[in-house]
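A short write-up of the structure that comes next.
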Amino acid sequence: MPSLSTIILGTGSYAPERVLTNAELSKMVDTSDEWIRTRSGIRERRIAAPGEATSDMGVQAARRALDDAGVTPAEIDLLIVATMTPDLPMPAAACIMQHKLGLPTSAACFDVNAACTGFVYALDTACAMVASGRYRKALVVGAEKLSTIVDWKDRTTCVLFGDGAGAVVIGTTPQPDVGLIGTRLGTLGESVDLLCIPNGGSSVPATPESIAAGSHFMKMKGKEVFKLAVRVMDEAARDILEQHHLRADQISLVIPHQANLRIIEAISQYLELPLERFFVNVDRYGNTSAASIPLALDEARRAGRIQPGDLTLLVAFGAGLTYGSALLRW
Ligand code: COA
């Protein structure tokens, strides 16, 4: 069988209607627009409606990606949802989405939890499965309702996160050297404590006391995460460029995980690549975890920032700590 390239056939994204501004947040916790903007670059974020689950946002993004690709739900035989905020602890959000999207019952559907790196992990998994020839067309979705795991009384975290979704449709082409050129994934499991939800899992199940103490919400050591994020994103970007004998200036657009503008600026300096080559929308959405890269990718494509022949670099880090990069040629 001739080898096929796995390519992105279409992209889509969705952001909930409700905009939560820094000014509103400064009435909820002891913070200010100035502090949030200068420390993170975030001006506002979206918050899902009370009845709007992760799968609902994922479905909206997926429908837009299918439309963009000109692919029908009946053609999809693989759905991978990257999320750490599934609708239910079990089963997977992908199962709920399979039904809502009307995907065939013969489709394989599962979630991937690699926190904010989730989309890059899911993309790599989906492309490998499609490249094997055993699956034909895949949907890869990043969707998060982080507003449900954020402690709205903790100013050190609640100002940073938002809700949203992004999706891509994966298919194949006989054309060589296009689509997913390569990935470089990694994990620093010794750093779990830097960013985690301490209670509510199998090691420390939730109790009325732990819930009263807010231990079922996300906890973060921001400064340590910041330093590691810069280090591992730089490493993931450099490694993949080296593996493919490329220089940073051959990348037309970097789509970094949108956690903090200062992290993106640091990567831009380390790679000696001007900030104009980085797509940034953290100002409008904050950190949407696994949704951040596919949301940014869709906006970049629709804004005409990605053209045929371009090389795009995705680079992410997240709780775990997980990190990774992916190289795409269009
Ligand atoms: N508003 C006002 N003051 C705040 C605040 C807020 N929302 N949050 C924290 N502060 C205070 C702190 O209490 C601290 O006060 P102190 O000096 O009196 O102790 C001061 O501001 C500085 O806090 P610090 O943590 O040193 O700020 P920072 O410059 O490191 O920025 C983050 C904080 C969280 C923005 C930054 O560390 C960061 O972005 N880290 C990475 C987080 C991330 O990306 N996580 C997601 C991973 S996918």
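Brief remarks on what is shown
- Residues of region 153-174 that turn out to be open to solvent by less than 10 Å² (accessible area, probe 1.4 Å) and within 16 Å of Ser132 (Cα to Cα), as a count: 2
- A Cβ distance below 9 Å, combined with a sequence gap of six or more or placement on separate chains, defines the contacts here; from region 242-257, residues that are surrounded by 11 or more Cβ atoms within 10 Å (Cβ to Cβ) reach residues that are aromatic (Phe, Trp, Tyr) and outside any strand (DSSP E or B) in the pairs Ser252/Trp330; Leu253/Phe279; Val254/Phe279; Ile255/Phe279; Pro256/Phe279; His257/Phe119.
- The listed residue being part of a loop (DSSP other than H, G, I, E, B) and either within 18 Å of the chain's Cα centre (by Cα) or assigned by TED's automatic domain parsing to the domain that holds Val112 (or both), out of Val81, Val71: Val71
- Among the residues listed as Val141, Val150, the single one being within 20 Å of Trp330 (Cα to Cα) and crowded, with 16+ Cβ neighbours inside 10 Å: Val141
- Of everything in region 208-224 that is in a helix (DSSP H, G or I), of a type outside the set (Gly, Ala, Ser) and more than 16 Å from the ligand (Cβ to nearest atom), the residue that is surrounded by the fewest Cβ atoms within 10 Å (Cβ to Cβ) is Pro208.
- Residues of region 1-43 that are open to solvent by 30 Å² or more (accessible area, probe 1.4 Å) and either away from the ligand (no atom under 16 Å from the Cβ) or within 20 Å of Ala290 (Cβ to Cβ) (or both): Met1, Pro2, Ser3, Leu4, Ile7, Leu9, Tyr14, Glu17, Arg18, Val19.
- Only one of Val168, Val230 that is at pLDDT 95 or above and either away from the ligand (no atom under 14 Å from the Cβ) or in contact with a Cys (Cβ under 7 Å, 6 or more places away or on another chain) (or both): Val168
- When every residue of region 53-68 is checked against the conditions, none turns out to be at pLDDT 95 or above and farther than 21 Å from Pro16 by Cβ.
- Output for region 175-207, where each listed residue is assigned to a loop (DSSP other than H, G, I, E, B), open to solvent by 50 Å² or more (accessible area, probe 1.4 Å) and either out of contact with any strand residue (DSSP E or B) (no Cβ under 8 Å at 6 or more places or on another chain) or without any contact (Cβ under 8 Å) to a residue 60 or more places away in the chain (or both): Ile197, Pro198, Gly200, Ser202, Ser203, Val204, Pro205, Ala206, Thr207
- From the list Gly133, Gly142, Gly179, the lone residue that is touching a helix residue (DSSP H, G or I) at 6+ places or on another chain (Cβ under 8 Å) and at positive phi is Gly179.
- No other residue among Leu139, Leu146 is within 23 Å of Glu17 (Cα to Cα) and either within 16 Å of the ligand (Cβ to nearest atom) or aliphatic (A, V, I, L, M) (or both) apart from Leu146.
The values are calculated or read from the model by the stated rules, or taken from the named source; none is laboratory data. Note that the structure is a prediction, hence the values are computed from the model and not measured. With ideal geometry, Cβ positions are generated from the backbone for all residues, glycine too; neighbour counts draw on all protein chains shown. These area figures cover heavy atoms from the full protein model, side chains too; ligands, DNA and RNA do not enter into them. Shrake-Rupley method; radii C 1.70, N 1.55, O 1.52, S 1.80 Å.
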